Amino acid sequence: MIPITVNGTPRDVDDGLTVASLLSQLGIPEQMALAIERNRSVLPRSTWPEVKVGAGDVFEVVSLVGGG
Amino acid sequence: MSLPFKIAGVEFQSRLLLGTGKYRSHEEMRACHEASKTSMVTVAVRRVDLTGKSGPSILDYIDRAKISLLPNTAGCYTVEDAVRTAHLGREALSTPWVKLEVLGDPVTLLPDPIGTLEASAILAREGFIVMAYTSDDPILARRLVDVGVAAVMPAGSPIGSGLGILNPLNIRLVRDTVAGRVPVIVDAGVGTASDVAIAMELGVDGVLLNTAVALASDSVSMARAMGLACEAGRMAFLAGRIARSTAASPSSPTTGTIGPTSKPSP
């Protein structure tokens, strides 16, 4: 297991996960309108199946909500 | 009679932009959008709820064939956060459009003018179509246009206050300062339909509002009223209002009244 942070909360996940598999472990449907930032850089959706989750990575996983 | 409403070269049917926040339900929001005939709505970028409690997506209640989405950077108090949020919104919605907010203070929610200018410059350089929420300062508006924003969006009064257009002179000056370069859209402060009409009569290109519809007792009727007021105000502006005068001027002939008449002397 490796420590990461997702949306401000620390958690341990399996080593060797891709970002796409991390999403599925988090129970987030990939077809949602999502954006993911890793260590303050946006990860384009096309890279999610390849990019590996690393120890200490900080993720922001966002979507759209009502706002003005 | 009216030139088409364009932002960054893209034409929109309606000059009324609405938000998607504070509605009692997604269904009510959708009905309001329809009633107002809006063609662009804002949405906010927020962390996904990892506890699995989030309901259906708001995007499922927006008819994207008729309505364009404008992700915002609401809630950002620094240039860095606003730029990061803009990047996330662009990725999530595959759109270069952004309503930029760099707030200066959580009490007034007034924009940070320096931060707004800095973030506008960064995002415009990166190819974003920046619609910048700003104060009603004409000089700042000009500086924003100079760094490449696609629309200047001065607040009529603080966000959600419903106080209307507190400084019509400044809104007019903003409009006159950037006229012909980018559209001016009054953003924030609208309380009721007359506020929209007043803004449009000042000659601005559009109005963006949220709370005044979402929290009205009958939100769908208010949404329709806002749409009508937007059209009415625009038409009145184009029609050219009469000059203000301190003297009265009778609308009926002053001759031919039945006699004998005796007018009081002035």
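Dipole magnitude of the protein assembly as shown about its Cα centre, charges +1 at Lys/Arg Cβ and -1 at Asp/Glu Cβ only, in debye to the nearest 20?
1080 debye
At a Förster radius of 45 Å, what calculated FRET efficiency corresponds to the Cβ-Cβ distance of residue B:167 and residue A:2, to the nearest 0.05?
0.25
Ignoring ligands, DNA and RNA, what accessible area per residue does chain A give at 1.4 Å, in Å²?
On a per-residue basis, chain A sits at 47 Å².
For residue A:25 paired with residue B:254, estimate the spin-label separation in nm (one decimal), with each label point 7 Å from Cα along the Cα-to-Cβ line.
8.8 nm
Buried accessible area between B and A (1.4 Å probe, both chains summed, ligands and nucleic acids excluded), in Å² to the nearest 100?
2200 Å²
Less than 10 Å Cβ to Cβ from residue B:233, Lys/Arg counted +1 and Asp/Glu -1: what total charge do the surrounding residues give?
-1
Please list B:237, B:5 in order of solvent-accessible area, largest first, computed with a 1.4 Å probe with all protein chains present.
B:237, B:5
What share of all Cα pairs of the protein assembly as shown, in percent, falls into each consecutive 20 Å distance bin?
Going from the shortest bin to the longest, the percentages are 30, 49, 16, 4, 1, 0.
Around residue B:85, under 13 Å between beta carbons, what's the net of Lys plus Arg minus Asp minus Glu among the other residues?
Charge balance in the 13 Å sphere: 0.
So, with a 1.4 angstrom probe, what is the percent of accessible area on the range A:2-62 that is carbon and sulfur?
Whole-percent figure for carbon plus sulfur exposure: 52.
Cα axis of helix B:168-178 to longest principal axis of chain B: angle in degrees, 0 to 90, nearest 10?
Tilt of helix B:168-178: around 60 degrees.
Using a 1.4 angstrom probe and counting only protein chains, how large is the accessible area of residue B:204 in Å², to 10?
The accessible area comes out at roughly 0 Å².
Express in Å², to the nearest 10, the accessible area of residue A:14 obtained by rolling a 1.4 Å probe over the protein heavy atoms while all chains stay in place.
Roughly 70 Å² of residue A:14 is accessible to a 1.4 Å probe.
Which of the trypsin sites (Lys or Arg not before Pro) found in the range B:1-98 are loop residues per DSSP with 14 or fewer other Cβ atoms within 10 Å of their Cβ?
Those that pass, being in a loop and sparsely packed, are B:24, B:53, B:64, B:66.
Could you work out the relative contact order of chain B? I mean the mean sequence separation of Cα pairs under 8 Å and 6+ apart, divided by the number of residues, in percent.
Computed over chain B, the figure is 18 percent.
Using alpha-carbon positions, what is the distance between the centroids of the range B:73-135 and the range B:183-214, in Å?
Using only Cα atoms, the two centres lie 21 Å from each other.
Round to the nearest 10 and give me the degree value, 0 to 90, for the angle of helix B:79-93's Cα axis relative to the longest principal axis of chain B.
Once rounded, one gets 80 degrees.
Give me the aspartates and glutamates in straight-line cross-link reach of residue B:6: C-alpha distance below 19 Å, same-chain residues under 8 apart excluded.
Partners within reach: B:146, B:176, B:187, B:201, B:205, B:231.
Restrict the search to the range B:84-145; then list the GluC sites (Glu not before Pro) that DSSP places in a loop and that have at most 16 other Cβ atoms within 10 Å of their Cβ.
B:126
Report, as a whole number in µm² per second, the diffusion coefficient that Stokes-Einstein gives for the range A:2-62 at 4 °C and 1.567 mPa s using the Kirkwood radius over alpha carbon pairs.
Value of D from the Cα-based Kirkwood radius: 114 µm²/s.
Partner chain Cβ atoms within 10 Å, averaged over the residues of B:207-215 - can you pull that number for me?
What the average comes to for B:207-215 is 1.
Send over a whole-number figure in Å² for the accessible area per residue of chain B, probe 1.4 Å.
49 Å²
Less than 11 Å Cβ to Cβ from residue B:42, Lys/Arg counted +1 and Asp/Glu -1: what total charge do the surrounding residues give?
Its environment carries a net charge of -1.
Given the -39500 (n - 2.57) contribution per DSSP H run of 4+ residues, what per-residue ellipticity at 222 nm results for chain B, rounded to the nearest 500 deg cm²/dmol?
-11000 deg cm²/dmol
Which value, in debye to the nearest 20, gives the size of the charge dipole of the range B:117-232 about its Cα centre, when Lys and Arg are +1 and Asp and Glu are -1 at the Cβ?
Roughly 160 debye, rounded to the nearest 20.
The values are calculated or read from the model by the stated rules, or taken from the named source; none is laboratory data. Computed from a predicted model, the values in this text were never measured in an experiment. FYI the Cβ positions are ideal-geometry reconstructions off the backbone, even for glycines, and counts take in every protein chain you see. With ligands, DNA and RNA removed, areas are computed over all heavy atoms of the protein, side chains included. Shrake-Rupley method; radii C 1.70, N 1.55, O 1.52, S 1.80 Å.
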